[in-house]
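Report on one structure; see the data block that follows.
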Amino acid sequence: MSKETFAMRLKASMDLQGKKQVDLVRAASEQGVKLGKSHISQYVSGKTLPRPDILHFLAEALQVDEKWLRGDNPSDAPDSSVSDAGIMDAGQNRNMKNNTAGGDRKMRTFQKSSKLDNVLYDVRGPVVDEAARMEEAGTRILKLNIGNPAPFGFQTPDEVIYDMRRQLTECEGYSHSQGLFSARKAIMQYAQLKNLPNVSVEDIYTGNGVSELINICMSALLDDGDEILIPSPDYPLWTACATLAGGKAVHYICDEQAEWYPDIDDIKRKITDRTKAIVIINPNNPTGALYPKEVLEQIIDVAREHQLIIFSDEIYDRLVMDDEEHISIASLAPDLFCVTFSGLSKSHMIAGFRIGWMILSGNQNIARDYIEGLRMLSNMRLCSNVPAQSIVQTALGGHQSVRDYIGPGGRIREQRDYIYKALTDIPGISAVKPKAAFYIFPKMDIKKFNITNDEQFALDLLRDKKILLIHGGGFNWQHPDHFRVVYLPRIEVLKESVKKISDFFSYYHQA
Ligand SMILES: Cc1ncc(COP(=O)(O)O)c(C=O)c1O
């Protein structure tokens, strides 16, 4: 299926049926098919191609032959106006052939790899692009979209900067591919404090942020069609990396009615004989949930019964409020193979230095070959950023400045209390009070606001009120009824934002 011709066939069929993108999104939502506005606009613009199930849906909705739409048999076009004749096939470009129609040597163009066809990462997607365009045109945008502490005045402790400066000249070369011994030793001690079983320095890998390690873990594990359970809503990099690796991200529901905890029955229902692993994000982005021991134990029971690897993303583990305690799932599952992720970007507010790590623990015997794959990929990228590794020991030990932010009267806690109350005071908006991290994931009464497309809602808010936030679909949430707010900005900025959001919802009725 070539993208260019597919996009043209799709557009022509939509024109014939008088259907707009929003009509298809609505029809999909009614039929329980997962199709966002960003997906369809990518198909129409020829940037990506749909998965077979989406192609099937589109063919039905547009009343055209599925094979024709896919491009199997161009001569079978239902109407001559949508024939393929004369259209250059992008596949030809992929195969590096020059198109010489009419004797002219046409310009060769380059498409991105088809491996990216179903990869979405809306945290930096179309709504953010539109905000950038508006900013370039001189508009000031209030940004509640990205979990990057530094621009909001959360500074790296002086001691960390001082120590990095002192060590900089010793960080010129590559390190061991898994990381400096001193960094891994400090991480190992941290793992001991969190009761992770049988962890040595060899079981620790540093990365250029947790992001790089998520990618490595998914690439090393998943063969085409292998399934991995990922929460919905999720931090979308997990879904993107699993998909890019050729795996199938199967989303299990986190239940808003139950404090956003994973729905264990839904997890059980979604396990097949191809399921290899389960991902949990605890504390959670985007919901701010923190999972209690009982919930973790239920997840472990399922993983044990079905022999799954547990990947636990714990990058917010020190940003826990209300005297709650974060428990690492790996500490409760010494008989299972677990990979625990953390880093300095969030709990230590040092996102720009790019340093994260993963810790392998529990029953490593069952994963020897997989660990070999992790080592290979780790070696292939040589090592992670060495100056950032050099301050891991400083950051993890001694006074933890983050405590001042999350305790009573602390900035993050005050901002959390404010945003929760202010947003839930808006008629038609409800939310679960976050316990950790710096996100809240409010629900909109979609009947009241007639919302069928949450990305459109985010665009309308951006254009009307110059406020940027990410719609729930950006976190692989299936219904158009949520959005995420990052409450890192100071209270004055949050107040200004909520005032505008409140005014927006006083009149908003999606067209
Ligand atoms: C749940 C989660 N995991 C991982 C990351 C990426 O972190 P890093 O900066 O370490 O790459 C983020 C960033 O927002 C996140 O929210």
Determine ³J(HN,Hα), in whole Hz, for all residues of the stretch 50-57 in sequence, where each value follows from phi through the Karplus function 6.51 cos²θ - 1.76 cosθ + 1.60 and θ = phi - 60°; x replaces Gly and Pro. x, 5, x, 5, 6, 4, 4, 4
Filter on Lys34/Lys67; Lys293/Lys500; Lys443/Lys495 - keep pairs with C-alpha separation over 29 Å: Lys293/Lys500
Pairwise centroid distance, computed over Cα atoms, of the stretch 262-308 with the stretch 331-399, Å: 21
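If Lys and Arg each add +1 and Asp and Glu each add -1, what is the summed charge of the other residues whose beta carbon sits under 12 Å from the beta carbon of Leu196?
Numbers: positive: Lys194; negative: Asp203, Glu314, Asp317.
Summing Lys/Arg as +1 and Asp/Glu as -1 gives -2.
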Can you list residues whose amide H is under 5 Å from Glu227's amide H, if they're 5+ apart or on another chain and H is modeled 1.01 Å from N? Lys248, Thr275, Lys276
Radius of gyration and Dmax over the Cα atoms of the stretch 273-333, both given in Å: 12.0, 40
Residues Lys448, Lys465 arranged by fewest to most Cβ contacts within 10 Å: Lys448, Lys465
By how many nm would the segment from Ser114 to Gln510 grow when fully extended, if each residue of separation counts as 0.36 nm and the alpha-carbon distance is taken off? 139.2 nm
HN-Hα J couplings of the stretch 457-469 from phi, Karplus 6.51/-1.76/1.60, θ = phi - 60°, integer Hz, Gly and Pro as x? 4, 5, 5, 5, 5, 4, 6, 6, 10, 6, 10, 10, 9
What 222 nm value per residue comes from the helices of the chain, counting each DSSP H run with n ≥ 4 as -39,500 (n - 2.57) and dividing by all residues, nearest 500 deg cm²/dmol? -11500 deg cm²/dmol
For the chain, evaluate the Debye formula with one uniform point scatterer on each Cα (no solvent term) and list log10 I(q)/I(0) at q = 0.05, 0.06, 0.10 Å⁻¹, rounded to two decimals. -0.21, -0.31, -0.86
From phi via Karplus (6.51, -1.76, 1.60), per-residue ³J(HN,Hα) for the stretch 37-49 in Hz, x at Gly/Pro: 4, 5, 4, 5, 5, 5, 5, 5, 7, x, 7, 9, 10
So, how do all the Cα-to-Cα distances of the stretch 277-387 break down into 10 Å bins, in percent, from 0 on up? 13, 41, 33, 12, 0
Return the long-range amide H neighbours of His251 (sequence gap of 5 or more, or a different chain), with a cut-off of under 5 Å between placed amide H atoms. Ile230
Here the relative contact order (percent) of the chain, from C-alpha pairs under 8 Å and at least 6 apart, is 18
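What's the ranking of 288-298, 53-63 by average number of surrounding C-beta atoms within 10 Å, highest first? If you can, show how the numbers build up before the last one.
Details: 288-298: 19.6, 53-63: 17.6.
Result, highest mean Cβ count within 10 Å first: 288-298, 53-63.
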Cα gyration tensor category, rounded, prolate or oblate, for the stretch 158-396 with a/c compared to 1.5: prolate
Quick check: net charge around Ile391, other residues with Cβ under 11 Å of its Cβ, Lys/Arg +1 and Asp/Glu -1? 0
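Work out the FRET efficiency for Asn363 and Thr169 from their Cβ-Cβ distance, taking R0 = 45 Å, and round it to the nearest 0.05. Write out the running numbers ahead of the final one.
Numbers: r = 42 Å, r/R0 = 0.93.
It comes out at approximately 0.60.
Counting Lys and Arg as +1 and Asp and Glu as -1, what is the net charge of the other residues whose Cβ lies under 14 Å from the Cβ of Lys185? Present the calculation step by step, with values, prior to reporting the outcome.
On the way: positive: Arg184; negative: Glu202, Asp203.
It works out to a net charge of -1.
Coordinate-derived values only; no laboratory data. As the structure is a computational prediction, the values presented were derived from the model and not from experiment. Please note: Cβ atoms are built from the backbone with ideal geometry, for glycine as well, and neighbour counts cover all protein chains shown.
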